[in-house]
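Each value in this text was obtained by applying a stated rule to the coordinates, not by laboratory testing. From a predicted model like this one, the values you see are computed outputs, not experimental measurements. Here Cβ is always computed from backbone atoms with ideal geometry, including for glycine, and neighbour counts include all displayed protein chains.
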Amino acid sequence: MKQQIVVKSFEDLYVYSLSRAFSKKVSELIKLLPQREEYNLKSQMRRAKLSVTNNIAEGYGRYHYQENIQFCRQARGSIYELIDDFNECADEGYLDQKMLNDYKEAGYYLLKVLNKYISSLIKLKQATKELTH
C-alpha cells in the first residue's frame, strides 16, 4: 500500500525542498564567478534562483489550481534561464565540462520533478471540476 504524504505547507513539498537544494548549488557557482564579470551574470543568476523557490511558494499560497500552475510555470522558466546561464559560465571559462554537466543535470532533474508536480495539479484541477459539475 502506498504511503499517504501529508502536505501542510509548501515547505513539505518535495519539489520545494529540491528547489532549495538547487538554489544552494547555484549560490556555490555564483561565489566562483569573478567579482567584476561583464555580463552581470551574478545578479541575474541570484534573481533566477530566487524566482524558482519564490514562485513555488507563492503558487502554493494562491489556493487555486490554475494560479498555482501558472506560478510553477514561472519557476520552470527560471530553471531554464539558469541552465542557459550555466552554458554562459562554461563559454566564459568559469565552468569546466564536468561542472557544467553536473549543474545542468541538477537543473534538468528539478525540471522533471516540477513538471510532475504541475501535472498532478492539472489532474487535481480536472478532478475538482468534474466533482462540481
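Is the shape of region 67-133 best called rounded, prolate or oblate, per the rule: a/c under 1.5 gives rounded, else a/b larger than b/c gives prolate, else oblate, with a ≥ b ≥ c the square roots of the Cα gyration tensor eigenvalues? Prolate, because a/c is 1.5 or more and a/b exceeds b/c. Each of (i) 17.1; (ii) 14.7; (iii) 15.9 is a candidate for Kirkwood radius over Cα pairs in Å; the one calculated from this structure is (iii).
Using a Förster distance of 25 angstrom, determine the FRET efficiency expected from the C-beta separation of K116 and E92, and round it to 0.05.
Once rounded, the FRET efficiency stands at 0.15.
In plain terms, the residue of F86, F10 with the fewest other Cβ atoms within 10 Å comes first and the most crowded comes last, giving F10, F86. Dividing the summed helix terms, -39500 (n - 2.57) for each DSSP H run of n ≥ 4, by the number of residues in the chain produces a 222 nm estimate of -27500 deg cm²/dmol to the nearest 500.
Each label was represented as a point 7 Å from its Cα along the Cα-to-Cβ direction; for R20 and Y109 these points are 1.7 nm apart.
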